[in-house]
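What follows is a single structure, written as structure tokens, with notes after it.
The values are calculated or read from the model by the stated rules, or taken from the named source; none is laboratory data. On a predicted model such as this, the values are computed, not experimentally measured, just so you know. In this analysis, Cβ positions are derived from the backbone assuming ideal geometry, glycine residues included, and neighbour counts consider all displayed protein chains. Ligands, DNA and RNA are excluded from the accessible area calculation, which covers all protein heavy atoms including side chains. Shrake-Rupley method; radii C 1.70, N 1.55, O 1.52, S 1.80 Å.
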Amino acid sequence: MRAPVSGSPPIPPTPLNPVMTPLMTLDVEELPYRPDSAAVFAPLAARPWSVWLDSGRPGSLAGRWDILACDPWSSLVTRGGLTWIRDGGVSRSRQDPLDLLRRQLGPMAVWPPRVAALEPEGLPFGGGAIGWFGYDLGRRFERLPATALDRQGLPDMALGLYDWALLVDHARQRTWLAGRGGRSPQARERLRRSALAPGPAGLPGAFRVTGPLRSNLTDEDYRDRFQRVQAYIQAGDCYQVNLARRFSVKARGDPWAAYLELRRHSPAPFAAWLNTPGVQILSASPERFLRVREGRVETCPIKGTAPRLPDPVADQRQRQSLAISPKDRAENIMIVDLLRNDLGRNCAIGSIQVPDLFAVETFAQVHHLVSRVIGRLAPGVDGLELLRGCFPGGSITGAPKIRAMEVIEELEGERRGVYCGCIGYLGHDGALDTSITIRTLTLAQGELSFWAGGGLVADSQCEDEAAEIAVKARAMRELVETFRRDDGEEAFRP
């Protein structure tokens, strides 16, 4: 997907391998580079299953690669125990959704690969699956209670299988149209036309929000849930629990306009737009979940947050304070240990290392404390099995993970849906890159929703944690305010 920002250097590229079968031949055409992919993607944004893994350009906090795709030849949508597969016809299956996805991808997504991967120019993606895995997909992998209400009714997983994608390398200022096979020639032609279209894109449609912004937990509810988490921690049930609140407001119009405003106001290296069945996803995530390249694994958990300050000197002090904060470092190391254990399920013995611990990364609204854990896949393991073993990410559940998820189910009261799942791709060559789905809005059934939360530990203070949630939600609340003001109604006041 995209290279991370400072404090988390990318995994070095590997030498190119020869093509060992015609099935692996990657068709590559170089096209003109445009510095902002929004103009390229705009004609595609409203198409069903259009996806843009957005490195956050234009913006100083951007990553490297944009991946743009449309018109998948197949799709998989999972709800509860059923997965709908569309690949010319429509079928349903109760089989494990990741096994179904593996079948659609074919045998090339296995490590070590049965055939060598081809990466001309170091391209990250040459066909495969792009989409999202919702938090509640974890119920298919672990035994969890089912007491929280499913108010949104969203799928647990939605993925398209794409033969073609536009790959925009902002570091080298080059663009490629790359793919394999001929199952979706219309996708290739649409992507090519969008890349070659002259001039800026047309204006997006109007977007409006109406009515009050509501939360599933009032301030009093949050204080009550905070105390109950503390009771579980004091009893030794868990060490850390990520407790979150959902916010929602009625909305109508073109969500593409809202996404353009979100990325302008809050650029992020793992941003994304996905127009999937029944829901549009607008993400400004700062956090990488899992990356796999030629068998090498990387995860970059965020745990520890401080708000940005307008005065540069004070903001730098804030950054330095976060770097040495005993509480934030303790939270971070808990999740690093959890992820080391999760990676250990599917990585070679002795391969897991922590090359970066407690690095401070700076974003538009906040500073974050970020660590990096790396490893190497064990023989016979693929990225999907790694995803299963680590899902959902420890940074947005707690420790120990399963007990923390049980507490979340009990206290939040609503299913998280897209929130705290992951967004990304899995290529036919076994390459995988995903982000944690935080700082993300969904539009479904006329409702714009987002979540914000934070990890609670024994020495957490309720007022401080509530303030951290407000900081994390700031960009999304300001987005709501922008489109309410445009509607001529009273702006939302936090």
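Among Asp342, Asp96, the order of accessible area from largest down is Asp96, Asp342, computed with a 1.4 Å probe on protein heavy atoms.
Pairwise Cα distances in segment 152-285 exceed 18 Å in 75 percent of cases.
Mind checking the log10 I(q)/I(0) for segment 133-205 at q = 0.17, 0.19, 0.28 Å⁻¹? Debye, one equal scatterer per Cα, no solvent, two decimals. Listed by q, the Debye log ratios stand at -0.84, -0.90, -1.28.
In this view, the solvent-accessible surface of Arg188, computed with a 1.4 Å probe and all protein chains in place, comes to about 80 Å².
Value of Rg to Rh for segment 302-380, rounded to two decimals, is 1.12; Kirkwood radius and Rg both from alpha-carbon coordinates.
The simple spin-label model puts a point 7 Å past each Cα toward its Cβ; for Ala39 and Leu196 those points are separated by 1.8 nm. Ligands, DNA and RNA left out, the 1.4 Å accessible surface of the chain is 52% carbon and sulfur atoms. Highest mean packing comes first when the peptides 141-149, 71-79 are listed by Cβ atoms within 10 Å, giving 71-79, 141-149. When restricted to Cα atoms, segment 267-316 yields an Rg and a Dmax of 15.9, 46 Å, respectively. Gyration tensor over the Cα atoms of segment 204-251: the corresponding equivalent ellipsoid has semi-axes (square roots of 5 times the eigenvalues, largest first) of 35, 12, 4 Å. For segment 211-339, the alpha carbon convex hull comes to 209 Å³ per residue, rounded to a whole number. As a length-normalised measure over Cα pairs under 8 Å and 6 or more apart, the relative contact order of the chain settles at 22 percent. Shape summary: segment 343-470 maps onto an equivalent ellipsoid whose semi-axes, from the alpha-carbon gyration tensor, are 27, 20, 16 Å in decreasing order. Calculation over all alpha carbon pairs of segment 290-330 in 5 angstrom steps from 0 returns a P(r) of 6, 20, 18, 15, 13, 10, 11, 6, 2 percent. Ligands, DNA and RNA are left out, and with a 1.4 angstrom probe the accessible area of the chain is 38 Å² per residue.
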